[in-house]
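Data first, discussion second: the structure below is written as structure tokens.
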Amino acid sequence: MAEGQCIERFKSQPRLPGFAIPRRYDLFLRPDLSSCRFAGSAQIAVDVVDDTRFLILNAADLDIDGGSVWFRNPSSSKEVRPSEVVLVEDDEILVLRFDEFLPRGSGVLGIGFRGTLNDKMKGFYRSVYEHNGEKKNMAVTQFEPVDARRCFPCWDEPAFKATFKMTLEVPCDTIALSNMPVMEEKLDGLVKTLSFQESPIMSTYLVALVIGLFDYVEASTSDGIKVRVYCQVGKSSQGKFALDVAVKTLDLYKKYFAVPYSLPKLDMVAIPDFAAGAMENYGLVTYREIALLFDDRHSAASNRQRVAVVVAHELAHQWFGNLVTMEWWTHLWLNEGFATWVSYLAADSLFPEWKVWTQFLDETTMGLRLDALAESHPIEVDINHASEIDEIFDAISYKKGASVIRMLQSYLGAECFQRSLASYIKKFACSNAKTEDLWAVLEEESGEPVKMLMNSWTKQKGYPVVYAKVNNGNLQLEQTQFLSSGCEGNGQWIVPITLCCGSYASQKKFLLKTKSEKLDVPELFNPENQKISGSVWIKFNVDQTGFYRVKYDDELAAGLRHAIEANQLSPTDRFGVLDDSFALCMACKQTLSSLLSLMAAFSEEDEYTVLSQMITISYKVISTAADATPELLADIKQFLINLLWHSAEKLGWDPKSNEGHLDAMLRGELLTSLAELGHDITTKEAVRRFYAFLDDRNTSLLPPDIRKAAYVAVMQTVNSSNKLGYESLLRVYRETDLSQEKGRILSALASSPDPAVVLDALNFLLSSEVRNQDAVHGLAGISKEGRDVAWVWLKENWDHISKTWGSGFLITRFISSIVSPFNSDEKANEIEEFFASRTKPSIARTVKQSIERVRNNAKWVKSIESEQSLGDIVKELADKKLHPSF
Ligand code: BES
Ligand code: ZN
């Protein structure tokens, strides 16, 4: 066989061949922070386990000098050199061909290489910061999922675990961090050489380095593990909150998983340019500044919660992910779904008053939303090429993943679940696991058919809607796949059904294993007419722990509406009734009138998460109604304003002394939504307070929790002939060095109803004043009026956007934020056409999903257009005095 052909067979393979297995990496790296280049060498101890003349490993964007490559086997003292060294760019593999077969057993592979500290926020990259008024570079790594290969040649797959021994040569005035503590430091003039302790075995995607100037705060866990938070010089007090959370969380996880944290130290670092929110590198967790730093005077309650949840999430990975690692990216959800779920467990334990398990429903609903698309994917998803991995860090892996875990935990019971997890962690520590490995442990501990139950949730996409009907003295249940197009899919699930009748004291639970089932609930029915007796209500999916929706027949729905009015349902169940109704409405399975009537039953609502969802629903209703029934828009808005104003008025503008965290968050969200709905009183007051703030950034008139509301209100008053408000916001943006403040401003800038102003805001996102990591903040808040201009902007700037953000997952946010709000088939066609020639594997799924959403929106618009008595109902609701005092 010709040699060339031999190499061919290694191309286009989803995974590396396993004939040599890396055991230990001895790495040397010398980054140059001014020229942004780095040089390095790797000595990799490998076990050759098969007859081979080839070593195949990953490498990308590296200059590899073929002459520097050697292989040494302990039994023969001489080094062999490969006869061919080929870097296959498309597959990101390095093929080393030797003339002789390599002897089986252990050997060492040596490679020298050079690379660039890139600007793409992945691999080994540079981030820019200011120090004493001077711009400086720091060198940072971000390897997950497949970018360790851009820093050093390696077997860059999660199952090839090895130990890492790192040596760095860096300028003597910098702080250099890696996964393990420094063992030895040698000074030599202006440079120092740091040798780090060898790590325990771990996957390549968790290796990390950070080199720059930092301050830090430090504390210890009860086991004496040193925890530090590093941030830009002068900001270290902003690290205290995260530090405290981290120390407590490590202690908590040690108890929960019954295994201590496995490294001698934990460092957490705020990185000014960072693509994700945070990254769980073993012992060296990296964060965006907004996800780690908390400023007592300028950060909001929502920022505090974000920091706590992100820290808890990344630390959960130190067990779930780092100690026990998914075998392949198909099982990514074992990492992300679990870390998401566990982070709520930790946050709930640390901050019970935040009621995070109620807030967890935000995660579930986003999972349900995405998974109702035909273009969704199963939790366990086939991955055939590295370029497909980025896109599965999505709401299916994270939010559906976390939700099905919650469903299983609630089915098996918290104690049994915890015991099983501890035993799973122990069994697979320092190794890799697949989804079925977890099911096997849970099945053994619980004696329940976990694998059968859960396969129906992780191996097929989608989820069911359970139709509940009263029929001749029986309850009739039937499941079909829920799709937001309104079509019926043909999936079927094993559904853990729970229900309660009339009170939380009376509950039933069982597994619905078939398409339909009759339930005998004699106590529910009046024996005379076989109707549900009196005011009894039935709520399925108690506490919303199940990943499914419920469609009630009219009689059952009316019972629930009354139960909500009479305040008999828990907040989670109120959320569930509302959200299911909204989803069914969007899928044209229920009228908009019935949704609005249900919303009216929430006139006394004061629970943060429920109101927050009500706001989300209001936005969607408004933007759809604006096209479907423009003549009713003002009345619909008035109705929603009435609904929200009641709570807003109760909370007022100024924080009450000792008020709760949730009230602080709720105030901000209510006022923001009232400003966006054009509520005059809110807008005027917000603008007044904003100008007081512009004069004095420390005024008590604009505390951080209501700043976003003020910014949005200001933008509602801006138009092309009066841009004072816009310019003022930019001034605040330029003058703050707190990235949470910058984020708040960016998220409000494009909310003006004037398309010309929206265009200015979008162009500003592309300017050098906005870090690439932050541009996505600005896309979230584009006004309905700015929709068209944003699409034109995206098309015109596509080449630039694609070049700047295209190598990571942030590009998908440009597409989904700008495309998804449209609601006509013509637009869907236009969008399809535009992307037809521009799709690549890393955006393909997002493009399809976004277009599907547009088509679904279009169906919803048509359905609302044809709704008969909508006008009368809307008028009645808008005129209704929801509150006697109002
Ligand atoms: N492992 C991820 C970071 C990541 C995301 C790496 C995408 C590569 C691609 C990390 O654990 C994570 O999930 N971060 C979240 C924050 C979390 C609280 C949901 C993030 O980045 O948003
Ligand atoms: Zn994660």
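The values are calculated or read from the model by the stated rules, or taken from the named source; none is laboratory data. What you see is a predicted model, and the numbers here were worked out from it, not measured in a lab. Here Cβ is always computed from backbone atoms with ideal geometry, including for glycine, and neighbour counts include all displayed protein chains. Side chains are part of the model used for accessible areas, which takes the heavy atoms of the whole protein and leaves out ligands, DNA and RNA. Shrake-Rupley method; radii C 1.70, N 1.55, O 1.52, S 1.80 Å.
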request  = Can you spot the lysines whose alpha carbon is less than 16 Å from Lys434's alpha carbon? Ignore those fewer than 8 places along the same chain.
outcome  = Lys161, Lys426, Lys451, Lys459
key: Ranking by accessible area, most exposed first, for Lys135, Lys186 with a 1.4 Å probe   = Lys135, Lys186
inquiry  = Angle check, please: helix 332-350 long axis (alpha carbons) against the longest principal axis of the chain (alpha carbons), in degrees 0 to 90, nearest 10.
reply    = 60
key: Between the range 254-285 and the range 734-777, the alpha-carbon center distance in angstrom   = 30
ask   = What percent of all Cα-Cα pairs in the range 729-886 falls in each 5 Å bin, counting up from 0?
value = 1, 8, 15, 17, 16, 14, 9, 8, 6, 4, 1, 0
Base-10 log of normalised Debye intensity for the chain (one unit scatterer per alpha-carbon) at q = 0.07 Å⁻¹ = -0.59
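Could you rank Phe540, Phe510 by how accessible they are, 1.4 Å probe, largest area first? Walk me through the intermediate numbers first.
On the way: Phe540 0, Phe510 45 Å².
Ranking Phe540, Phe510 by accessible area, largest first, yields Phe510, Phe540.
Provide, as a two-decimal number, the C-alpha radius of gyration of the range 59-100 over 2.2 N^0.38 Å, N being how many residues it has. Please report the intermediate quantities before stating the final value.
Working: Rg = 11.7 Å, N = 42, 2.2 N^0.38 = 9.1 Å.
That ratio works out to 1.29.
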note = Out of Gly224, Gln418, Gln359 - ranked by how far each Cα lies towards the positive end of the dipole of the chain, with unit charges on the beta-carbon of charged residues - the top one is Gly224
inquiry  = Using protein chains only and a probe of 1.4 angstrom, how many square angstrom of Cys231 are accessible, to the nearest 10?
reply    = 0
key: lysines with Cα under 22 Å of Lys650, excluding same-chain neighbours fewer than 8 positions away   = Lys355, Lys637, Lys684, Lys708, Lys880, Lys881
request  = Compare the peptides 216-223, 153-160 by average per-residue count of other Cβ atoms within 10 angstrom and give them in order, highest first.
outcome  = 153-160, 216-223
query = To the nearest Å, what is the center-to-center distance of the range 629-685 and the range 154-182, using C-alpha atoms only?
reply = 50
task = Give Lys508/Lys862; Lys235/Lys803; Lys400/Lys469; Lys509/Lys848 a once-over and call out the pairs whose C-alpha atoms are over 29 Å from each other.
result = Lys508/Lys862; Lys235/Lys803; Lys509/Lys848
message = For the full complex of protein chains and a 1.4 angstrom probe, list Val49, Val88 by accessible area with the highest value first.
response = Val49, Val88
query = Tell me, what is a quarter of the convex hull surface for the C-alpha atoms of the range 337-436, in nm² with one decimal?
reply = 7.8
task = Return one number: the angle in degrees, 0 to 90 and rounded to the nearest 10, between the long axis of the Cα atoms of helix 787-796 and the longest principal axis of the Cα atoms of the chain.
result = 20
inquiry  = With a 1.4 Å probe and all protein chains kept in place, how much accessible area does Lys399 have, in Å² rounded to the nearest 10?
reply    = 40
request  = When a/c is below 1.5 the answer is rounded, else prolate if a/b is larger than b/c, else oblate, so apply that to the range 756-836 with a ≥ b ≥ c taken from the square roots of the Cα gyration tensor eigenvalues.
outcome  = oblate
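Ignoring ligands, DNA and RNA, what percent of the 1.4 Å accessible area of the chain is carbon and sulfur? Could you put the intermediate results ahead of the total?
Details: 15820 of 32960 Å².
The C+S portion of the solvent-accessible surface of the chain is 48 percent.
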inquiry  = Using the crude model of +1 on Lys and Arg Cβ and -1 on Asp and Glu Cβ, and no other charge, please compute the dipole size for the chain relative to its Cα centre, in debye to 20.
reply    = 720
ask   = Each label point is 7 Å from the Cα along the Cα-to-Cβ direction; what then is the distance between the points at Arg297 and Thr699, in nm?
value = 1.6
message = Quick check: from the Cα gyration tensor, does the range 166-225 come out rounded (a/c under 1.5), prolate or oblate?
response = oblate
task = Determine, from the Cβ-Cβ distance of Ala414 and Met452 and an R0 of 25 Å, the FRET efficiency 1/(1 + (r/R0)^6), rounded to the nearest 0.05.
result = 0.70
message = Based on C-alpha coordinates, I'd like the Rg and Dmax of the range 432-492, in Å.
response = 15.9, 53
task = Report the accessible area of Asp554, computed with a 1.4 Å probe over the heavy atoms of all protein chains in place, in Å² rounded to the nearest 10.
result = 130
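For the range 244-370, just say rounded, prolate or oblate: build the C-alpha gyration tensor, square-root its eigenvalues into a ≥ b ≥ c, call rounded for a/c under 1.5, and beyond that prolate if a/b exceeds b/c, oblate if not.
Numbers: a/c = 1.28, a/b = 1.11, b/c = 1.15.
It is rounded, given that a/c, with a ≥ b ≥ c, falls under 1.5.
Per residue, how many Å² of accessible area does the chain show with a 1.4 Å probe? Write down the numbers at each step before the final one.
Working: 32960 Å² over 886 residues.
Heavy-atom SASA per residue in the chain reads 37 Å².
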ask   = By how many degrees, between 0 and 90 and to the nearest 10, does the Cα long axis of helix 707-716 differ from the longest principal axis of the chain?
value = 70
